Amino acid sequence: MDKNSKTKDSIIEAAIYLFYMKGYSATSIRDIAGRAGSNSANISYHFQHKQGLLEHCFTDFFEGYLDGLERIAEQLPRVGAQECLLQYASFCLHYYRENFLLTRLVLREISVDTSLNREVYMTYLSKEKFLLKMIMEEGRKRGELRPISIPMFVTKLKAMLNEPFIHSQYFMEVWHIFPNEPYFTNAYFTEIETFLQECLFKAVYPAPIELAKA
């Protein structure tokens, strides 16, 4: 990795940490440069301004997320909706854990009504809606899934996937559950698998799948 790339990566890592710990508004370019061991000119060179740096964090997160979801959706004709949904849940948990701080930052900031978030809703999250809806509609046509409300079910599923990472401090401090550890990913996936089998799948899935990698 060349020096330019190392500098850019250091700036991104510092920004993610500070945006999460201090909040976007309370974090200055000088703060980011100081933590990154760089200078403000490098931030301007790579990202133009602080908003550009936040946009990069969002873009990097959602492009990786959607790339994984698209790869799962491509398997739909071959493996069916049940396995796609299980792989989706597994992928999310691994992706969130492996990008723990960025995930917490994005899931928190995405709840705020901003022009950046509205762009995310219209692009990345609209694509997510399309892919999940396609998987579930195909599953209903094939008779794999119960005829339940897709929006309501996706709301439940995403709440289950997101909650440990949105409120991870609560789970760590009160319940001593650590969503950033592989043990949690594996154990929690088993709970979500049971939820899908009992609430959505028409027949019990024959055997646990191998957990997908982010």
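The values are calculated or read from the model by the stated rules, or taken from the named source; none is laboratory data. This structure is a prediction, so every number in the text was calculated from the model and none was measured. Note that each Cβ is placed from the backbone with ideal geometry, even for glycine, and that neighbours are counted across all protein chains shown.
Under the condition of being surrounded by 17 or more Cβ atoms within 10 Å (Cβ to Cβ), among the polar types (S, T, N, Q) and assigned to a helix (DSSP H, G or I), the residues counted in region 151-204 number 2. If you check ILE43, ILE72 for being out of contact with any Ser or Thr (no Cβ under 6 Å at 6 or more places or on another chain) and outside the structural domain of LYS141 (by TED's automatic domain parsing), only one passes: ILE43. Within region 5-27, the set of residues being of a type outside the set (Phe, Trp, Tyr) and touching a residue at least 12 places away in the same chain (Cβ under 8 Å) comprises THR7, LYS8, SER10, ILE11, ILE12, GLU13, ALA14, ALA15, ILE16, LEU18, THR27. When region 24-46 is filtered for residues that are β-branched (Val, Ile, Thr), farther than 11 Å from LYS8 by Cα and not in a loop (DSSP other than H, G, I, E, B), the ones remaining, listed by number, are ILE29, ILE32. Within region 138-150, the residues that satisfy the criterion of being of a type in the set (Lys, Arg) and either loosely packed, with under 14 Cβ neighbours inside 10 Å or touching a Cys at 6+ places or on another chain (Cβ under 8 Å) (or both) are LYS141, ARG142, ARG146.
Let's see how each residue does on (1) surrounded by 17 or more Cβ atoms within 10 Å (Cβ to Cβ); (2) in contact (Cβ under 8 Å) with a residue 24 or more places away in the chain; (3) hydrophobic (A, V, I, L, M, F, W, C); (4) over 26 Å from PHE189 (Cα atoms):
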residue	(1), (2), (3), (4)
GLY52	no, no, no, yes
ASP60	no, yes, no, no
GLY68	yes, yes, no, no
ALA73	yes, yes, yes, no
THR103	yes, yes, no, no
SER111	no, no, no, no
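Looking across ILE166, ILE135, one residue alone is closer than 22 Å to GLU63 by Cβ and under 15 Å from the mean Cα position of the chain (by Cα). It is ILE166.
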